[in-house]
Structures are given as C-alpha cells and as structure tokens.
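The values are calculated or read from the model by the stated rules, or taken from the named source; none is laboratory data. None of the values given here were measured: they were computed from a predicted structure. Here the Cβ positions follow ideal geometry from the backbone for every residue, glycine too, while neighbour counts run over all protein chains shown.
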C-alpha cells in the first residue's frame, strides 16, 4: 500500500508542477493578494485633502486653522472664498471635505457663547468620510478645550485682583485616556494580511484539488487508474495529500512575508496556527472532491470553484465586519467554515489567543471538515464505482 500511495503522490506532484497553470496557481495568487492587500488596499487615511473656507477672518478662526495644521492629518488643497468655488472643488473631487468657519465665530468664542463650525464631507466613500469627520471633530474638540481653559483662567483673575490675594476655586477636570489593544497603530494592513492566509489556502487548495481529478477525466487517464491495483481510498489520498502540502506551503509563504516584509505582529502560537490550518484543509479538500464529482472539464471545475469561493469570501468577515451585516447574512455566516478559520488566524496573529479562547471555532472547523470530507469521499467513491 505504501508503495502504491507513494507512486500516486509522486505522479501527482510531477503532473502538477509540469502544468504551467498549476505552477502559476502555486505562486501567483499569494503574490498578487499580498501586493494588493499589503500596499494598495488600505482603509487608513493619513493625509486627507480639505479646503478651508474662512468667513470670519478673526484671530479665533486663525487659531482654529493652526490647530488643523498642527494635527498633520490634513493637506489644504484650497481656500475658497465663496459658495460656488467651494461647491466646484467638492463636485470635481479635488477635496475630501471642507471646513467652513461661519461669520460671527470669533465674537461668539470671545463672549463664551455657543459657536459652531460646519464640516462638509464627501460621502462617496463612507469609510473615508467617517474617518475624516472624526479627525476634524478631534481638532475642534482640542481647540474648544484650549479656549475653555483660557476663559476659566480669565475668570480667576478678577476675584484675585479684587481681594488682593489668592482665591481658591476648584475646577472639575475630566481627562480621557484611550488605549488600543491588539493593533495599537490602527493599521489596516495588520488586519488584512492575516486574512490573506485564509483566502489563499481556500482558493488554491479548492481549485487545485478539483482540477487535478477532473484533469484525469478530461484526458482519459482516469479509466487507466481505475484498472490498476490502486484502491479507491489510495487514489483519493494520493490525489489530495499533495495539496495538503501545497496549503501548508502557502500558509508559510504568506506568514513569512507578513512577518518579514510587512512587519505584521504575530503574538500567538505557531503550532496552534499550523494545527488549525490542517483542520481547515479538511473542508477545502472535501469541497474540491465534491466539485470534481460534478464537473466534467477543468473549465467547469474553475467555474464551480468560483461559485463556492465567492460566498465563502464575502461572508467570512475578511473585508466587512460580520456584526455590520444584515441579520440574515449573519445567520448564514454560521454555515461558513471560512468564517471560523478567519477568526482563528486573526486571533492568533493579533490577539495572541490560545486554545482557551478559540476552542469553539476549532470544534466548528473539525465538525465541518470531517463532515464535508466524509460526504465528498463517499460521493467520489460511488462515482468511481
């Protein structure tokens, strides 16, 4: 049995590496996704383009402008002086937003009256709009706090001069302190790249497993394999085991690039990640076997792989948080094994989570993997007979 199994595995490696399409599947998807999600796909807004529309022209409005400049979050693309110029810049997409200081702003600030600053944001990209709005609100809050302190000090001067001595006055102070766990720099790269491991393993092992078996049907060698002394179980193991090694190789490749090139923090246990990867491979290999039983050509296998992969990808929480999805979609994610592996990988990478925190996801992966693989093997075995 060992010799027959070793021969079929050796044949599968030779046949896969000889095919240019197979070789490209081993290298190109990891490289493309790493480049896209490492460099191009970013939710960070480090330098927002805004326009400054000052309709007050007072020292107070200039102090507010200095606060925005000092934040180093904004790039000033223009200073429109009328409504038409401001709207033209927004319509043409020249700026992400406009900060508008209304007339009377300085007078209201000086007299301690409520005053407002209008912030106009381009909402075409909701994520960018919310981040820019948060940055602008922080700048205005800091300016408001500074003005409040100055006015409070000014109120202390008059009683002190009148009494000829110090006047005790307790001013309540509320200080907020924010500490970000797991991703202190708030880099979207640290969030995306661990998910690339999940997508690469899913896509590569699913498609390669399906095409490797369909290829035998398409070129007419499946019948030759069936009349050899190889048992169906040995054929299934010999066809799928090489792609277990491919999945592990892709995991190590992306993980190495994440640590060495993109400097993504890794706070967990490597062997926990390795073991859960093997659990997840049971699901992808089982799904690939199922696709192989319903496909007659490699083109059909590729189309079926896309049909499986896209829902798995969209409902995995890779890009969109599951809690923000509609209720029905959130229920559907419980049937998606990619969701559980995504949570495990990000938990191991960023949170340093262990078995005590991830055991529900691991049990779900084991149940999905064993069930899908067993049903697919039974169907494939019956198809061979």
Original post:
Quick check, is residue 20 surrounded by fewer than 13 Cβ atoms within 10 Å (Cβ to Cβ), under 26 Å from residue 256 (Cα atoms) and within 37 Å of the chain's Cα centre (by Cα)?
Top reply: yes
Original post:
So which residues in segment 308-334 are under 16 Å from the mean Cα position of the chain (by Cα), farther than 22 Å from residue 372 by Cα and loosely packed, with under 13 Cβ neighbours inside 10 Å, if there are any at all?
Top reply: 320, 321, 323, 324
Original post:
Looking at 144, 133, 137, which is the one that is closer than 13 Å to residue 48 by Cα and modelled with pLDDT of 80 or more?
Top reply: 133
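Assess whether residue 349 counts as being buried (at least 19 other Cβ atoms within 10 Å of the Cβ), out of contact with any strand residue (DSSP E or B) (no Cβ under 9 Å at 6 or more places or on another chain), touching a residue at least 24 places away in the same chain (Cβ under 8 Å) and assigned by TED's automatic domain parsing to the domain that holds residue 242. Write out each step before concluding.
Working: buried (at least 19 other Cβ atoms within 10 Å of the Cβ): yes; out of contact with any strand residue (DSSP E or B) (no Cβ under 9 Å at 6 or more places or on another chain): yes; touching a residue at least 24 places away in the same chain (Cβ under 8 Å): yes; assigned by TED's automatic domain parsing to the domain that holds residue 242: yes.
Spelling it out, residue 349 is indeed buried (at least 19 other Cβ atoms within 10 Å of the Cβ), out of contact with any strand residue (DSSP E or B) (no Cβ under 9 Å at 6 or more places or on another chain), touching a residue at least 24 places away in the same chain (Cβ under 8 Å) and assigned by TED's automatic domain parsing to the domain that holds residue 242.
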Original post:
If residue 305 passes every condition in (1) closer than 24 Å to residue 376 by Cα; (2) surrounded by 21 or more Cβ atoms within 10 Å (Cβ to Cβ); (3) at pLDDT 90 or above but one, which one does it miss?
Top reply: (3)
**OP:** For residue 344, state whether it is surrounded by fewer than 20 Cβ atoms within 10 Å (Cβ to Cβ) and touching a helix residue (DSSP H, G or I) at 6+ places or on another chain (Cβ under 7 Å).
**Re:** no
**OP:** Sort out which residues of segment 261-287 are under 19 Å from the mean Cα position of the chain (by Cα) and free of Cβ contacts under 8 Å to residues at least 60 places away in the same chain, and write them in order of number.
**Re:** 263
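Which is surrounded by 17 or more Cβ atoms within 10 Å (Cβ to Cβ) and either modelled with pLDDT under 75 or within 21 Å of residue 308 (Cα to Cα) (or both), of 210, 175? Please lay out each step first, then the result.
Numbers: 175 fails: surrounded by 17 or more Cβ atoms within 10 Å (Cβ to Cβ).
Going through 210, 175 in turn, the sole match is 210.
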**OP:** Return yes when residue 101 is over 27 Å from residue 152 (Cα atoms), surrounded by 13 or more Cβ atoms within 10 Å (Cβ to Cβ) and not assigned by TED's automatic domain parsing to the domain that holds residue 320 and no when it is not.
**Re:** no
Original post:
Can you tell me which of 55, 87, 33 is surrounded by 13 or more Cβ atoms within 10 Å (Cβ to Cβ) and touching a helix residue (DSSP H, G or I) at 6+ places or on another chain (Cβ under 7 Å)?
Top reply: 33
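Residue under question is residue 200, and the condition is that it be part of a helix (DSSP H, G or I), assigned by TED's automatic domain parsing to the domain that holds residue 346 and either at pLDDT 80 or above or farther than 29 Å from residue 32 by Cα (or both); does it hold?
Values: part of a helix (DSSP H, G or I): yes; assigned by TED's automatic domain parsing to the domain that holds residue 346: yes; either at pLDDT 80 or above or farther than 29 Å from residue 32 by Cα (or both): yes.
Yes, satisfied.
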